[in-house]
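Inspection log for the structure reproduced underneath, given as structure tokens.
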């Protein structure tokens, strides 16, 4: 939003909420006179007036902007007329306004008169339909970027043939695609020049340079492209690695976050994956921190707000006063020992950042951590790796002897983020004994300590330091044990121990991340028999998805190709689809592609129009037509998604790939029953099945009974009437 109109917009929002529409009219006219080109700031007010039943008034408020914008920015004048058409479709001056604005902006396009003539013909006397036709035909012009949600992605308009009524668009994998002018707006979303996808495509080097000099500005660009709100993972996906190299992301984000914290129009949430919002009105760091602190319910959440504010703000009188108020409000909340310790640590941090804060800790941190038994109980409850490590280190400084025993016991506690630090301390000098003892406990009972076992196994497989004197299985056996452990954890989850879901996720992530890096290391230097044994264990792993199973299987078969050949021999002839995907002829695949195209280009646009018409009916709280249309849209989108996923797995089979010596895909098989009656089946894929003509899918029960059979062999075929014994009389190719 423009700073020039922020106060005006805020006032108009307040007036609309109080239904003071007469005063809104005065305020709008004043804002439009002050900054007539800042239409993006005014459009939300127009929408709110329309929702409040004041659409005609909103259109009248916009109309005076048109002549001003025609002289300065005709494209914005076009957008204003389109907004008028939306909120006040019966405006008697609508057609004249449209002709003037579109003429000013688009008259230079060859064949513009054809577009106007087409709009006149389509509108059949309706001014709104006339504007709608112009708007749809001129949504895209050469040089514009657009996006196709159903799979083609980013595209650029390369040509327009106004006379023929077509656009030509280049997509990454589909160059020279043509579409009708009026239909393009239904299929594609227009992207503004400052959209992050457009910036990456049109000026990638410039965007990279801006990321270095103005990280907050780049984040704002991404937010604007994502409806002004998104989480960090989504933003990272847009920028990394195309704009920010993966290795530089963490450092870049730290700098960007500090810049965003000072930006009055950005709000950054808490946590590792915060929600980041682009605000309509300015908010200071202090205002945001105070609001978040007051809304935080738990002591730990309040501490996190303080830590974040302390990290991202600069020292000032306002900051000191705010932090003092925060600290004083924490004292009554610190009742238990671990809560007192948290507040002690926080006040100590504040004292380092701001001198003479004047707030005393609720207890002595040294007294709280001195006793080993209390320490272990408190440390787990702290729930934060930084504070846990701090408590352990403070105990170590107070107990020159015996601290290593406490650290060894801490390894068996639920504090995964500090195990590395614990081991780092214990692996130095003569302190390994307590860690060795703890690791042996873990190895003897991995089910009781699944994440500790993962920690030990991963370090052993990757060759990282462990206590001396520790006897471990070979790396492949350790990995196999991890698969066994994951199955055990999954069983416990299925029996109701839902708290173990995060544990299973950690096990799965460790074994499948980086394309199976841990497994690659585990089988390095092992023999084929060991690899075969491990492959068998992996294939029995119920916790693996098909994708992850495929990744791990590929790791082993790439290292031991003979195992792949052994696996292929186990796949029955005619059932290759289980290993390679869905079998189809070229014609069968085209049929499925045609179905997808029909969904994307006909069915979905049609239901989108139905939704638009239903929304136009007004009250949506009890709008049966809208509910039905949205439900249908959801089904169609899900169907389109299913087909797109299927098409990724399709294997097109040609005639020369068909083996006519045995029943399988692409063959025509003649069968004879015990009574001497013959029946002929053609075996193709699921896309071409036609039971009326005895064309069956290779995945059907009937086909499964004869796949792999040769002429002269007996087969048991399952039919709707039951199982029937057949003899295979003849087999021939069905594909030419």
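Under the classification rounded if a/c is under 1.5, otherwise prolate if a/b is larger than b/c and oblate if not, where does region 3-106 fall, given a ≥ b ≥ c as square roots of the Cα gyration tensor eigenvalues? Mind showing how you got there, number by number?
On the way: a/c = 2.44, a/b = 1.42, b/c = 1.72.
It comes out oblate by the Cα gyration axes.
Once fully extended, how much extra length lies between residue 730 and residue 203, figured as 0.36 nm per residue of separation less the alpha-carbon to alpha-carbon distance?
On the way: separation 527, 0.36 × 527 = 189.72 nm, distance 6.39 nm.
The residue 730-residue 203 span can extend by a further 183.3 nm.
Tell me, how many Å apart are the Cα centres for region 288-360 and for region 205-265?
When both Cα centres are located, 28 Å separates them.
What FRET efficiency comes out for residue 672 versus residue 645 if R0 is 30 angstrom and r is the Cβ-Cβ distance? Round to the nearest 0.05.
Computed FRET efficiency for residue 672 and residue 645: 0.15.
Among 102-113, 672-683, what's the highest-first ranking by average C-beta atoms within 10 angstrom per residue? Show your work: numbers first, answer last.
Numbers: 102-113: 15.2, 672-683: 13.7.
My ranking of the peptides, most packed first, is 102-113, 672-683.
What FRET efficiency comes out for residue 386 versus residue 180 if R0 is 51 angstrom and r is the Cβ-Cβ distance? Round to the nearest 0.05.
On the way: r = 60 Å, r/R0 = 1.17.
The formula returns an efficiency of 0.30 here.
Hey, what number do you get for the chain at 222 nm if only DSSP H runs of n ≥ 4 count, each worth -39500 (n - 2.57), divided across all residues, to the nearest 500? Please report the intermediate quantities before stating the final value.
On the way: 36 runs with 428 residues, N = 736.
Helix contribution divided over all residues of the chain: -18000 deg cm²/dmol.
Would you mind computing, in nm to one decimal, how far apart the modelled labels at residue 597 and residue 488 are, each placed 7 Å from Cα along Cα→Cβ?
Reported label-point gap for residue 597 and residue 488 is 5.6 nm.
How long is the gain from residue 436 to residue 632 if the chain were fully straight, where each residue apart is worth 0.36 nm and the alpha carbon distance is subtracted?
Numbers: separation 196, 0.36 × 196 = 70.56 nm, distance 6.17 nm.
Value of the extension gain: 64.4 nm.
So for the pair residue 240, residue 692, with labels modelled 7 Å out along Cα→Cβ, what separation do we get in nm?
Output for this residue pair reads 5.6 nm.
Measuring from label point to label point, each 7 Å out along Cα→Cβ, what is the residue 679 to residue 19 span in nm?
7.2
Using a Förster distance of 60 angstrom, determine the FRET efficiency expected from the C-beta separation of residue 301 and residue 163, and round it to 0.05. Present the calculation step by step, with values, prior to reporting the outcome.
Details: r = 64 Å, r/R0 = 1.06.
E(calc), rounded to 0.05, equals 0.40.
Could you please state, rounded to a whole Å, how far the C-alpha centre of region 1-73 is from the C-alpha centre of region 659-736?
Using only Cα atoms, the two centres lie 72 Å from each other.
So how do 383-396, 16-29 stack up, highest first, on mean other-Cβ count within 10 Å?
Numbers: 383-396: 18.8, 16-29: 15.4.
In descending order of packing, they fall as 383-396, 16-29.
Which stretch or stretches of region 413-449 have amide N atoms under 11 Å from the point lying 7 Å from residue 502's Cα along the Cα→Cβ direction?
Flagged as within label range: 414-417.
Every number here is computed from the coordinates shown, using simple stated rules; none is lab data. Quantities reported herein were computed from a predicted structural model and do not represent experimental measurements. All Cβ positions, glycine included, derive from the backbone under ideal geometry; neighbour counts span all protein chains shown.
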